[in-house]
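Chemist: Take this structure, written in structure tokens, and hold onto it; I'll ask about it next.
The values are calculated or read from the model by the stated rules, or taken from the named source; none is laboratory data. All values reported here derive from a predicted model rather than from experimental measurement. Neighbour counts are summed over all protein chains in view; Cβ atoms, including those assigned to glycine, are modelled from backbone coordinates with ideal geometry. When the accessible area is computed, the model is the full protein with side chains, heavy atoms only, and any ligands, DNA or RNA have been set aside. Shrake-Rupley method; radii C 1.70, N 1.55, O 1.52, S 1.80 Å.
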Amino acid sequence: MQSKEQREDEFKSFDLAHRDRLRRYAYYLSGDWHQADDIVQKALTKLFAAWHRVEPGGAPAYARRIVTNVYLSHRRLAWVRRERATDDMPVQRIEAPQAEVELRLTVAGALDKLAARERVTIVLRYWEELSVDETAAAMGCSAGTVKSQTSRAMGKLRRLLAGTRVPAGA
Amino acid sequence: MEHHDHTEQLLLQGRPDDPVPPSGMDIKQVMRRGYRVQARRNAAIGGAAATGIAAIAAVLALSLTGIGDEQTPDAARTFPAGEGFDFNPATAAYPPDHPVYDSPDPVGRELNTAAKDAFGDLAVDAGIFDADALDYEFPSDEAALEVMEEQGGDYYAALSELGFNLEQFNFAPRAIDAKGGQASLRAYVALDSNEEAENLAYGIAGFQPGGWTAEPGPTGDVAFPQHLITDEASWTDEAPEFATETLDDGRILMTADHGCALEAAVMYPNGSALTSWWDLDCEGQGHQMSLQDLAAAMLAMPQIDYDTSELAPVEFLDMQPAWPVDESWPAAADADAQASLDAAVAVIDGAFGETERHDGGAVGLPTGTGEVEQRTYTTDVTMPFNDRLDVSINMNVRYFLPGGWLPGLPPEGAGTGPYLVDCGAPGDDKDDVCAETEVDGRTVATRTWCVADDCSWFIAAYDESGWAVLIETSVNGGQVDGYGLEELTALAAALPAPTYDPAEYETD
């Protein structure tokens, strides 16, 4: 087992290289930078506690899995659920030049309507651009579950985003 | 432009693109908290993975059979050997991948229910938790299926979603590495769920048949077949009082009394096993439990009929063994590591311009259940140029000294196992291209993984003298001229040999 100092150095190097990417992923999931930072801080703590068991090259994927789990734990907290409980998304018409910003708000609102695991699936597949198998690894489920969950979530999004227009120039 | 069904396009365009704000996170504080988390889990890491203990064989001055019969609710229980195997299960194992449970798992239910009955009062009497901690019901299959249907995830994710992971005696399946990840043992493990406690108080593991021997010995992925309980010193510097007894019904009971901790194992006639450890007072917790009561609880557990359909004899590739974990090695090897990494960085600088070298040195990478490790020298460097998103490009360089790994790409469909480059499994829909080439007399394995305009490269060069070097880097937003697969492959093949004493690493 490596010395405390070397273990810390290695972890600091990992943090240096990957923290912002993890924060962005957590932000995709939570939609809030403060929550994202809270999630990543907890995830890095858990990652460091398990650092001696992390395989070479596997740390980024392992970290993403921990971020996923911490996010899902957060979502189980009542205050998070209350905060996210809103009415159905209104149909929006998008017009340039604010179109891109409004589209993001609309999509974020629609994602908030999904169950936590559905949201994670969509974020991993479409925003983190992971494969089915990588998504399954990040979520601790089978590839089949990812596929069925993606299909179900996309069905919901299709309804939630019905009437939303793709901005001109897309 | 408006599409008939443009949900995917909306999703992709709706991805937030606001810049990542500055982070005020204190990484030192994160690590301090990490140490506290690890301290709480230390007992789990050592115990759950293999449930280990210590040396000399003593005679347990108890009639263990009598204790078991007296306390077993159904004294008429039998422990059939079952149909057996056409092969020696001790030298067989399971595929390295983790099983996924897409439907309720009756084995998990049986273990959870039985353990609550067998160990509940024992733990309460020991002062590990209050009786009201046992005031829960195992989630129904209907409730779990509803969550699985609603939220996806497998059965155990659903149990977690239902909050069962917060209860005591919540067993979950685990794959335990064997022979450096070439195969695995399978077990169901339950750990003390009190995360507020400074130290976990117990771990219980139900081992499926395969890959282990009933003989006591050093635990974990040190040998194959693995030992589930050892009679050598572990919880303390002293070997425990160790005892073995074969019962009339075919079960074998082993116990180890470490003074401040107790351990026990039961091997069943059908080839399965149950192990448990209890940290009672090693950190001054003040819990109390008698060996007799623990033995009675162990014997009150049923023999489980596990799914062994994937258990098969395995032919392991010849691999120089990994090194027993040695905390003194990194410091002893530091001078060699720094010289090796400085020399490597000089070559990288020659190829790409002057880089910024970060910290690094000799690092032992534990593999499997953590009893053995690969010996590596590693550092990170930041390139003197950014990628097309103007983000700095980092490269991790890691030398692997001989022992605990295999050269080349893993066989198709296999996990990473003891290989240094993970090329994914069949059916991966990502753009994941792996290749093995010869460059200047060295074998080089490459993995290129691109998602849209973001690419990562994992390139390992293997020297015939037994060492390897792995570089890992990525760029976002498109190719960077002069920094791609071709250049990185050439770099890996050109990196100098690390400094180490080959004689120390020779094997017969």
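Chemist: Leaving out ligands, DNA and RNA, calculate the buried accessible area for the pair B and A with a 1.4 Å probe, summed over both sides, in Å² to the nearest 100.
Modeler: It comes to approximately 6800 Å² buried between B and A.
Chemist: Averaged over A:140-147, how many beta carbons belonging to a partner chain fall within 10 Å of each residue's beta carbon?
Modeler: For this peptide, the per-residue mean of nearby foreign Cβ atoms is 6.
Chemist: So what's the angle, to the nearest 10 degrees on a 0 to 90 scale, between helix B:27-48 and the longest Cα principal axis of chain B?
Modeler: Around 40 degrees separate the two axes.
Chemist: What whole-number value in Å² describes the accessible area per residue of region B:85-204 for a 1.4 Å probe?
Modeler: Heavy-atom accessible area per residue stands at 42 Å².
Chemist: Amide H neighbours of B:Leu406 under 5 Å, at least 5 residues apart or on other chains, H built in the peptide plane: list them.
Modeler: B:Tyr419, B:Leu420
Chemist: With θ set to phi - 60°, apply the Karplus curve 6.51 cos²θ - 1.76 cosθ + 1.60 along region B:495-502 and write out the HN-Hα couplings as whole Hz, x wherever there is a Gly or Pro.
Modeler: 5, x, 5, x, 8, 6, 8, x
Chemist: Now a separate question. List every residue whose amide H lies under 5 Å from the amide H of B:Val439, counting only residues 5 or more places away in sequence or on a different chain, with H placed 1.01 Å from N in the peptide plane.
Modeler: B:Val444
Chemist: For the pair A:Glu5 and B:Gln479, what calculated FRET efficiency results from E = 1/(1 + (r/R0)^6), where r is the Cβ-Cβ distance and R0 = 30 Å, to the nearest 0.05?
Modeler: In this case the efficiency is close to 0.20.
Chemist: Lys and Arg at +1, Asp and Glu at -1: add these up for the other residues within a Cβ distance under 11 Å of B:Gly217 and post the number.
Modeler: The answer is -3.
Chemist: Which of the lysines could a cross-linker span from A:Lys113 if the Cα-Cα distance has to be under 18 Å and same-chain partners fewer than 8 positions apart are dropped?
Modeler: Correct list for A:Lys113: A:Lys156.
Chemist: Mind checking which lysines have their Cα closer than 17 Å to the Cα of A:Lys46? Skip sequence neighbours fewer than 8 apart in that chain.
Modeler: A:Lys4, A:Lys12, B:Lys28
Chemist: Here's a follow-up. Note down the accessible area of A:Arg65, probe 1.4 Å, to the nearest 10 Å².
Modeler: 90
Chemist: What average count of beta carbons from other chains do you get within 10 Å of the Cβ of residues in A:59-65?
Modeler: 1
Chemist: Over the Cα atoms of region B:107-246, each weighted equally, I'd like the Debye log10 I(q)/I(0) at q = 0.12 Å⁻¹, rounded to two decimals.
Modeler: Debye curve over Cα of region B:107-246, log10 I(q)/I(0) at q = 0.12 Å⁻¹: -0.62.
Chemist: Right, another one. Which of the GluC sites (Glu not before Pro) found in region B:131-183 are loop residues per DSSP with 12 or fewer other Cβ atoms within 10 Å of their Cβ?
Modeler: For GluC sites (Glu not before Pro) across region B:131-183 that sit outside H, G, I, E and B with at most 12 neighbouring Cβ atoms in 10 Å, the list reads B:Glu137.
Chemist: So how tilted is helix B:334-352 from the main axis of chain B? Cα-based, degrees 0 to 90, rounded to 10.
Modeler: Helix B:334-352 sits roughly 40 degrees off the main axis of chain B.
Chemist: For a protection proxy built on the mean count of beta-carbon atoms within 10 angstrom, sort B:177-186, A:15-24, B:305-314 highest first, please.
Modeler: Ranking the peptides B:177-186, A:15-24, B:305-314 by packing returns B:177-186, A:15-24, B:305-314.
Chemist: Can you work out ³J(HN,Hα) from phi for every residue in region B:106-121, in order, using Karplus 6.51 cos²θ - 1.76 cosθ + 1.60 and θ = phi - 60°, giving whole Hz and x for Gly and Pro?
Modeler: For region B:106-121, the Karplus curve yields x, 5, x, 4, 5, 5, 4, 5, 5, 5, 4, 5, 7, 9, x, 5 Hz.
Chemist: With unit charges on the beta carbon (Lys/Arg positive, Asp/Glu negative), name the residue among B:Gly364, B:Tyr136, B:Tyr505 whose Cα is farthest towards the positive pole of the charge dipole of chain B.
Modeler: Result: B:Tyr505.
Chemist: If you put +1 on each Lys and Arg Cβ and -1 on each Asp and Glu Cβ, how big is the dipole of region B:323-505 around its Cα centre, in Debye rounded to 20?
Modeler: It works out to roughly 120 debye.
Chemist: Next question, about the same structure. Per residue of A:151-161, count partner chain C-beta atoms within 10 Å of its C-beta, then hand back the mean as an integer.
Modeler: Mean shielding count: 3.
Chemist: Follow-up. Could you give each residue of region A:120-132 its phi-based ³J(HN,Hα) in whole Hz, using Karplus coefficients 6.51, -1.76, 1.60 with θ = phi - 60°, and x for Gly or Pro?
Modeler: Running phi through 6.51 cos²θ - 1.76 cosθ + 1.60 with θ = phi - 60° gives 4, 4, 5, 4, 5, 6, 9, 9, 8, 6, 8, 6, 4 Hz.
Chemist: Moving to a separate point now. When the accessible area of chain B is computed with all protein chains present and a 1.4 Å probe, what percentage of it is carbon and sulfur?
Modeler: 47
Chemist: Relative to the longest principal axis of chain B, what angle (0 to 90°, nearest 10) does the C-alpha long axis of helix B:485-494 take?
Modeler: Result, in degrees: 80.
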